[in-house]
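Undergrad: To start, I am sharing the structure in question, which I have written as structure tokens.
The values are calculated or read from the model by the stated rules, or taken from the named source; none is laboratory data. Nothing here was measured: the structure is a model prediction, and the numbers come from that model. Ideal geometry is used to build each Cβ from the backbone, glycine not excepted, and the neighbour counts take in all protein chains shown. Surface areas here come from the heavy atoms of the whole protein model, side chains and all, with no ligands, DNA or RNA. Shrake-Rupley method; radii C 1.70, N 1.55, O 1.52, S 1.80 Å.
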Amino acid sequence: MDSYQVIRGTAFLLTSSIGILGNSFLLAILAYIAYQEHVLMTSEVILLNLTASNFVMALTRGLPNSLFIFGLPNVFSDIQCQLLVYVSRVSRAMSICLTCLLSCLQCVTLMSTTPTYMNMRVRLQTYIGPIIALLLVVNMTMCITPLLYAVSGNNITISEYAYRVSYCMVILPGNTSSLSQTLTLFARDLVFVAGMSIASSSILYTLYKHGKQVKGIRRPDRPQSLSAEARASKTVSTLVALYIFFFGIDTCIWFYQSTSSSTILTSTSDIRFFVSVCYSSVFPFVILFYNQKVKRAIGHHSGEQQSSTGSTS
């Protein structure tokens, strides 16, 4: 195994391991908050589902790649490949949709001083479960191609319309199906990226206006309220920026691979899959850094453990 393969495999293994452990820890903290408070806020429900999506994406994208690179090319059967690639694509799709949904919720929350935005906020809070379920059904339907055409490394066939996923291959039957899938999924990504970009820009603009309005006003409730809004908005804006950066690279490379007739270098595909796993790995650290409720839950849980240890000693 040459040095490039070692670096490549190690990078995938470390990134996916961080993503799996980080999102697992965040899932445990959110479950602890739900247990303590008996209910989750709307933003926390979205955050819980987004964390689960990122956990699955790190598990099904990064880890199999590292296994393949370190000498286990035929570890999956055709059926396992179909399920693995399918779940990976659905989790990626849910990650972009939920990031967009979270940014839209934060946007209408900041602007809920007007009746229109207040009504939108109430509707989002009321129907958040059905909205997430609908997104899941739509993405499961749109990503069905791997269930039909994915094969393992044991059955690789050279084809003009074959897409390598390192450990598996997706071999489409022809140009029409290849082009229609590419354009459909690219349009979906573009719509949700545009949505989260608009929402994030509106958040930043609203915070800027609020900052100018309260400048010089020394009412004690103003700074605290603005600080809470700013923390939540910084979290969302950071997630949106990271998503646009990482998945922008991923989507552009994938679109180029799908439409180009020239041979695609292996390193190009490596970059695409690596950056897609990076978002799921960085995500929990952003939440742990900005989310005060998660910080308090960690501190409270640590305090309980110390008290329990002290009382038994």
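Undergrad: Over the stretch 45-148, with the other protein chains present, what is the accessible area per residue in square angstrom, probe 1.4 angstrom?
TA: 43 Å²
Undergrad: Taking a quarter of the surface of the convex hull around the Cα atoms of the stretch 1-149, what do you get in nm²?
TA: The number I arrive at for the stretch 1-149 is 11.0 nm².
Undergrad: Just by accessible area at a 1.4 angstrom probe, what is the order of F76, F25, F289 from largest to smallest?
TA: Output order, biggest surface exposure first: F289, F25, F76.
Undergrad: For a label point 7 Å from the Cα of L14 along Cα→C-beta, name the residues of the stretch 277-298 whose backbone N is under 18 Å from it.
TA: Residues passing the 18 Å test: 277-285.
Undergrad: Okay, next question. Given a Förster distance of 22 Å, report the FRET efficiency between A194 and L288 from their Cβ-Cβ distance, rounded to the nearest 0.05.
TA: Taking R0 as 22 Å, the efficiency between A194 and L288 is 0.20.
Undergrad: If you count, for each residue, the other Cβ atoms within 10 Å and average over each peptide, how do 239-245, 290-296 line up from highest to lowest?
TA: Most protected by this proxy first, the peptides run 239-245, 290-296.
Undergrad: A further question on this structure: With every protein chain left in place and a probe of 1.4 Å, what is the accessible surface of I249, to the nearest 10 Å²?
TA: Approximately 60 Å² for this residue.
Undergrad: I want to check the label-to-label distance for T116 and S3. Put each point 7 Å from Cα in the C-beta direction and report it in nm to one decimal.
TA: 6.0 nm
Undergrad: In addition: So how much accessible area does S103 have, in Å² to the nearest 10, using a 1.4 Å probe?
TA: 0 Å²
Undergrad: Could you order D189, D2, D78 by accessible surface area, starting with the largest, using a probe radius of 1.4 Å?
TA: Correct descending sequence by accessible area is D2, D78, D189.
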